[in-house]
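These notes concern the structure reproduced below.
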Amino acid sequence: YNPQEKYQAIVMNPPFFLKGDRYAYITHILHAWDVLAEKGFLISLVPHRKKPDKVEKYFQSFVQAYGTSEMLPDKCFHESGTDIDIDRITLVKC
């Protein structure tokens, strides 16, 4: 997806994992970043990683460079069928 105009705001809940792509959430967020306008913001849910691997550490440094990350309360999505630990990231494209 490559829109002609960039977005000022993106709020998303990407798939955390897809068959064959354990980093689906990173892939989706980085693509959303590409279609985000200058001075735009992006908010997304992501899986919380206590022991990140090399790719996840890179993504965490990307988040720190452009925004913030906040861990949501434990089991906050229990009623929808998941107890995975989740962070909410907010990124600003300067």
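The values are calculated or read from the model by the stated rules, or taken from the named source; none is laboratory data. Quick caveat, the model's predicted, so the values are computed rather than measured. We place every Cβ from the backbone using ideal geometry, glycine too, and count neighbours over all the protein chains shown. Remember, those area values only see protein heavy atoms, side chains included, never the ligands or the DNA or RNA. Shrake-Rupley method; radii C 1.70, N 1.55, O 1.52, S 1.80 Å.
In degrees from 0 to 90, rounded to the nearest 10, what is the angle of the helix 24-34 Cα long axis to the longest principal axis of the chain? Approximately 20 degrees, to the nearest 10. Take the chain with all the other protein chains still there, run a 1.4 Å probe, and you get 68 Å² of accessible area per residue.
Among residues other than residue 45 with Cβ under 9 Å from its Cβ, the summed charge is 0 (Lys and Arg +1, Asp and Glu -1). Packing order of peptides 63-75, 34-46, 1-13, highest average first: 34-46, 63-75, 1-13 (average count of other Cβ atoms within 10 Å over each peptide's residues). Positive contributions from Lys and Arg (+1) and negative ones from Asp and Glu (-1), summed over other residues with Cβ under 14 Å from the Cβ of residue 16, come out at -1.
Relative to the longest principal axis of the chain, what angle (0 to 90°, nearest 10) does the C-alpha long axis of helix 54-66 take? Result, in degrees: 50. Note on the chain: helix-only mean residue ellipticity at 222 nm, from DSSP H runs of 4+ residues weighted -39500 (n - 2.57) and normalised by residue number, equals -8000 deg cm²/dmol.
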